[in-house]
Amino acid sequence: MYKGKKTPENLSEERKKYLRHIAYKKYGILSVQILILIFFITLWEISANLGLIDSFITSQPSRIVDTFLNLTSNDLLMHIGITCFETMVGFLLGVILGTILATLLWWSDTLSKISEPYLVILNSLPKIALGPVIIIWVGAGVKAIIVMALAISLIVTVLELLNGFLQTDKETIKMARTFGANKAQIFSKIVFPANMETLFNSLKINIGLSLVGVIAGEFLVSKAGLGYLIVYGGQVFQLDLVMASVIILAIVAALLYEFVRILEKIVCRKNFRK
Amino acid sequence: MNALDIKEINMKYQDISGEIDAITDVSFSIKKGEFLSLVGPSGCGKSTLLSIVSGLLKQSGGEVLIDGEKVEGVSSKIGYMLQKDNLLEWRTIYGNVILGLEIRGELNAESRSYADELLKTYGLYEFKDKYPAQLSGGMRQRAALIRTLVTKPDILLLDEAFSALDYQTRLAVGDDVYRIIKKENKTVLMVTHDIPEAISMSDRIVVLTKRPAVIKAIHEINFENLKERTPLECRKQESFSSYFNDIWKELDVHV
Ligand SMILES: Nc1ncnc2c1ncn2[C@@H]1O[C@H](COP(=O)(O)OP(=O)(O)OP(=O)(O)O)[C@@H](O)[C@H]1O
Ligand SMILES: [Mg+2]
């Protein structure tokens, strides 16, 4: 455990040197990372200006910035909102349904054996192939997009969680049984809390997968959202719009991931006190 | 009356690859307040016997009587301590100690204050809000013992309860736990691989043969010239090594 910070005075010379070295290294890496980004953007801008690359096809940083600044004229905010909303709904549904299904399969050994081949096949099936079916079943709207996100993330969640549940330490379960614990108590007091880490790991994967599902859904349904903007921009050869949307998408993905990480910190705060 | 009667217990494990005869016709009794140890070669069926006594495992034949009554399933008169402390890392020491009460639905003001009392008596009260990872191996084992004691069992089953500890801690914790058990006046059935540990703590030692386990011998352990018996004092007695030699020969270990 880390026991309080020592004041700089009582640190040994060697320790100070070590800490300085660590800090240099950390900032060194960060500055190189930023430099690479700046270099790349500058190169892109200059080559477009000099006509080395065709900015009609590749777009250009300054034009992407212009697109950002014209947020309102493109309804960008609305599209971002829709994509985020669909992703969150797909994500939450995936987590809740996934947890329920994994719990059921953990509960009944027979059920889990019966469903095993189906889960394996569904897991390896490229879910995008279900797109047309989904559209026919639930209509070409927000619903289809959410179902798509769900289809992509659900099975992975179930498999991941079930695997975690089944790997819970047998001795710990035996300990609970010595007190006469029933199955529900074993689950709620031992198996589920023991798998908080598994749960959050699968949430982190899930949020990304939901976003993939939503974008794929928007590609197919094409009414609104960042996925729609990308397809639309491509069709009308507005590469600025496409690039701007992709960059926003990257930012959205990073923010959603961060959201799960913060949630994990709040929920698992106790476990971090080791 | 005996605290525990084990009558002609038989156990066969069924398995795809066949039938494993783990125990055949083992019978013995334990008096109230007695400390009895089971020793026997690895894999002879000791843990199986404890699981049957605790009610976690259904025997193929025979019966277990607690205070003269036949029991089915897990009895609240029995406390079972396993080799590992199995403390839940996400719960505080206090949260761990009350786990058994919680499971049995016996968590109330009275049982909580008993938990506090035990924590105080056995030196863990200041650590009650700490997490298991912040405690030493010996303290963790003590917390696990309190988790069992707080449900007020009459009989304690210990399955290699100290073997996860390093040698020195093991001696100290053994001494510690022995004192606690005697003070709370519990009846104990302990399984161990460690012959000196068995001699130093037990009133009687049952030696089992290799699988399927049958009783090979029963030893009464007496250290008459000790005023107050503690495991560490026992180890210093002259008769200690003669007990050891007898049991060692019976175990018939070939390498
Ligand atoms: N669930 C099970 N299914 C089938 N066989 C089992 C099962 N549990 C134990 N056995 C077998 O029964 C025998 C007795 O096992 P047990 O764990 O009771 O031995 P033990 O005396 O406690 O051994 P150790 O000293 O190594 O702890 C072993 O041969 C083991 O392989
Ligand atoms: Mg064993």
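Taking label points 7 Å from Cα along the Cα-to-Cβ direction, A:Lys26 and A:Glu13 give a separation of 2.5 nm. Here the alpha carbons of segment A:123-180 define both size measures, Rg and Dmax, at 18.5, 55 Å. Averaged over the residues of A:176-187, the number of partner chain Cβ atoms lying within 10 Å of the residue Cβ comes to 6.
Applying D = kT/(6 pi eta Rh) to segment A:69-267, where Rh is the Kirkwood radius over alpha-carbon pairs, T corresponds to 37 °C and eta to 0.692 mPa s, the Stokes-Einstein value obtained is 179 µm²/s. Dipole orientation for chain A: of the candidates A:Val231, A:Thr83, A:Ile207, A:Ile207 has the Cα lying most toward the positive pole (charges on Cβ; Lys, Arg +1; Asp, Glu -1).
Scaled against the 2.2 N^0.38 Å expected of a compact globular protein of N residues, the Cα radius of gyration of segment A:8-53 reads 2.03.
Cross-link partners for B:Lys77 among the lysines, with Cα-Cα distance under 19 Å and sequence neighbours closer than 8 places in the same chain left out: A:Lys174, B:Lys7, B:Lys31, B:Lys32, B:Lys58, B:Lys152, B:Lys182, B:Lys183, B:Lys186. All C-alpha to C-alpha distances of segment A:76-139, sorted into 10 Å bins beginning at zero, yield P(r) values of 17, 32, 35, 12, 3 percent in whole numbers. Over chain B, the Kirkwood radius and the radius of gyration, each from Cα atoms, give a ratio Rg/Rh of 0.97. Per residue of B:77-87, other chain Cβ atoms within 10 Å of the residue Cβ number 3 on average.
Report the normalised scattering of segment B:87-164 as log10 I(q)/I(0) at q = 0.25 Å⁻¹, calculated by the Debye formula with identical scatterers on the alpha carbons. Here the Debye-derived log intensity ratios amount to -1.29.
Enumerate the residues in segment B:153-170 having an amide nitrogen under 13 Å from the point lying 7 Å beyond the Cα of B:Ser136 toward its Cβ. Hits in segment B:153-170 for B:Ser136 at 13 Å: B:166-170.
By the rule of a C-alpha distance below 19 Å, with chain neighbours fewer than 8 residues away ignored, the lysines paired with A:Lys204 are A:Lys265. Candidate cross-link partners of B:Lys46 among the aspartates and glutamates, defined by an alpha-carbon separation under 14 Å and a same-chain spacing of 8 or more, comprise B:Asp21, B:Asp25, B:Asp159, B:Glu160, B:Asp194.
Of the residues B:Ser111, A:Val133, A:Phe68, the one whose Cα sits farthest towards the positive end of the charge dipole of the protein assembly as shown is A:Phe68 (charges of +1 on Lys and Arg Cβ, -1 on Asp and Glu Cβ, taken about the Cα centre). On the beta carbon distance between A:Leu263 and B:Asp67, with R0 = 45 Å, the FRET formula returns roughly 0.30. Legend: mean number of C-beta atoms from other chains within 10 angstrom of residue C-beta atoms, peptide B:97-104, equals 4. Give the separation of the Cα centroids, segment A:55-107 to segment B:10-46, in Å. Cα centroid of segment A:55-107 versus Cα centroid of segment B:10-46: 61 Å apart. Within segment B:5-89, the trypsin sites (Lys or Arg not before Pro) that combine a DSSP coil assignment with at most 11 other C-beta atoms in a 10 angstrom radius are B:Lys58. For A:Ala129 and B:Gln14, the FRET efficiency from 1/(1 + (r/R0)^6), where r spans their Cβ atoms and R0 equals 60 Å, is about 0.85. Over the Cα atoms of segment A:89-198, each weighted equally, I'd like the Debye log10 I(q)/I(0) at q = 0.10, 0.16 Å⁻¹, rounded to two decimals. Values, matching the q order: -0.36, -0.77. Separation of segment A:154-224 from segment B:69-137 is 28 Å, based on Cα centroids.
Positive-end ranking of A:Ile121, B:Ile181, B:Gly45 along the dipole of the protein assembly as shown, with charges on Cβ about the Cα centre, is headed by B:Ile181.
Evaluated at q = 0.08 Å⁻¹, the base-10 log of the normalised Debye intensity for the protein assembly as shown, with identical point scatterers placed on the Cα atoms, takes the values -0.74. Extension gain for the segment A:Ile96 to A:Leu255, taken as residue separation times 0.36 nm less the Cα-Cα distance, is 55.1 nm to one decimal.
Every number here is computed from the coordinates shown, using simple stated rules; none is lab data. A quick note: this is a predicted structure, and the numbers were derived from the prediction, not measured. Reconstructed Cβ throughout: ideal geometry from the backbone, glycine too, with neighbour counts over all protein chains shown.
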